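The values are calculated or read from the model by the stated rules, or taken from the named source; none is laboratory data. Predicted model only: the values in this text are computed from it and were never measured. Neighbour counts run over all protein chains shown; Cβ positions are idealised from the backbone, glycine included.
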């Protein structure tokens, strides 16, 4: 089923169902002989993000002990597979930057792209040699799956998840404020994490009013993509600062870093503008509005 609560579904049952579906998908792809390794790693990591969003939505119901145990489990599972994904992202980041500045400094990218692609191939070969990484993750997730039925989720209505949504929305609103006051890579990265989690929460609640919630999902997706590209550029800048020879030497490295900063400035301006609209409400007002959508939707389905 889709990643979302059904109109006639209560949070306790729905979130457990979704968690089991995501775990089944991650386990299946981790051990699949038909899926390319890169694709399997990417999909498993996405499932971990979705699962952690479920945990954050149900945090109050789960209790801190269960929340921390499962959140750590899913975070570490994703981290176990991070090397291959990060190397591939660095290549795509440089390619997108080159495309964005077509005609302005194209020649300077050739050595960087050659070196990043070579790095990605080396990481891929290393992961192939360590063929048990996905199998190890699958084993960990099977254990986690067995624990889901014991998650202490009991509440049958929106208040069960309201606190988790409010907390994530508040974090995003604070992130927007900090990013506006001081535009550091760290502040934008922290804001990005809150935005992505709220995006997942909006998807989980989309059935409450698909037209309205669908628009919010779309806007959060756009915002998350802008902040994600900004984060990837910050990572590329950090790599070049540490190792200028990736770009063929210091002059080329500095030229590419300047283009990174220029593109980040564009992305951050767009993100702050969109973020001001997404986070226009105070946290309680935002959650109360979503709660009203939920109440009307579930009243109509219960007939």
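Condition test on residue 138, is it closer than 22 Å to residue 54 by Cβ, in contact with a helix residue (DSSP H, G or I) (Cβ under 6 Å, 6 or more places away or on another chain) and in contact (Cβ under 8 Å) with a residue 60 or more places away in the chain? Here the answer is yes, as residue 138 does meet what is asked. The set of residues in segment 259-283 being more than 30 Å from residue 238 (Cβ to Cβ) and surrounded by 13 or more Cβ atoms within 10 Å (Cβ to Cβ) consists of 281, 282, 283.
Quick check on my filter: what residues within segment 212-231 are more than 13 Å from the chain's Cα centre (by Cα) and more than 16 Å from residue 273 (Cα to Cα)? If the condition is that a residue be more than 13 Å from the chain's Cα centre (by Cα) and more than 16 Å from residue 273 (Cα to Cα), then 212, 213, 214, 215, 217 are the ones that fit. For segment 1-9, does any single residue satisfy the condition of being part of a helix (DSSP H, G or I) and either more than 29 Å from residue 230 (Cα to Cα) or in contact (Cβ under 8 Å) with a residue 60 or more places away in the chain (or both)? The answer is no; no qualifying residue exists.
Scanning segment 71-98 for residues that are surrounded by fewer than 21 Cβ atoms within 10 Å (Cβ to Cβ) and under 22 Å from residue 163 (Cα atoms), we see that the one that is nearest to the chain's Cα centre (by Cα) is 75. Considering segment 12-69 alone, what residues qualify as being over 25 Å from residue 291 (Cβ atoms), assigned to a helix (DSSP H, G or I), free of Cβ contacts under 8 Å to residues at least 24 places away in the same chain and in contact with a helix residue (DSSP H, G or I) (Cβ under 6 Å, 6 or more places away or on another chain)? Of everything in segment 12-69, those that are over 25 Å from residue 291 (Cβ atoms), assigned to a helix (DSSP H, G or I), free of Cβ contacts under 8 Å to residues at least 24 places away in the same chain and in contact with a helix residue (DSSP H, G or I) (Cβ under 6 Å, 6 or more places away or on another chain) turn out to be 25, 29, 43.
Residues that are in contact (Cβ under 8 Å) with a residue 24 or more places away in the chain and more than 30 Å from residue 94 (Cβ to Cβ) within segment 253-281 comprise 276, 277, 279, listed in sequence order. Would it be correct to say that residue 182 is closer than 30 Å to residue 253 by Cβ and at pLDDT below 95? In short, yes.
Could you tell me whether residue 19 is more than 19 Å from residue 138 (Cβ to Cβ), buried (at least 22 other Cβ atoms within 10 Å of the Cβ), out of contact with any strand residue (DSSP E or B) (no Cβ under 9 Å at 6 or more places or on another chain) and modelled with pLDDT of 95 or more? Against the criterion (more than 19 Å from residue 138 (Cβ to Cβ), buried (at least 22 other Cβ atoms within 10 Å of the Cβ), out of contact with any strand residue (DSSP E or B) (no Cβ under 9 Å at 6 or more places or on another chain) and modelled with pLDDT of 95 or more), residue 19 does not qualify. Contact map, segment 78-102: first residue without any contact (Cβ under 8 Å) to a residue 24 or more places away in the chain and at negative phi, second residue in a helix (DSSP H, G or I) and buried (at least 20 other Cβ atoms within 10 Å of the Cβ), Cβ cut-off under 7 Å, separation 6 or more or different chains; pairs are 98/109. Only one entry of 233, 223, 240, 198 meets the criterion of being under 20 Å from residue 85 (Cα atoms), touching a residue at least 12 places away in the same chain (Cβ under 8 Å), surrounded by 23 or more Cβ atoms within 10 Å (Cβ to Cβ) and in contact with a helix residue (DSSP H, G or I) (Cβ under 7 Å, 6 or more places away or on another chain), and that entry is 233.
Does residue 186 satisfy being in contact (Cβ under 8 Å) with a residue 24 or more places away in the chain, surrounded by fewer than 22 Cβ atoms within 10 Å (Cβ to Cβ), over 12 Å from the mean Cα position of the chain (by Cα) and in a helix (DSSP H, G or I)? For residue 186, the condition - in contact (Cβ under 8 Å) with a residue 24 or more places away in the chain, surrounded by fewer than 22 Cβ atoms within 10 Å (Cβ to Cβ), over 12 Å from the mean Cα position of the chain (by Cα) and in a helix (DSSP H, G or I) - is not met.
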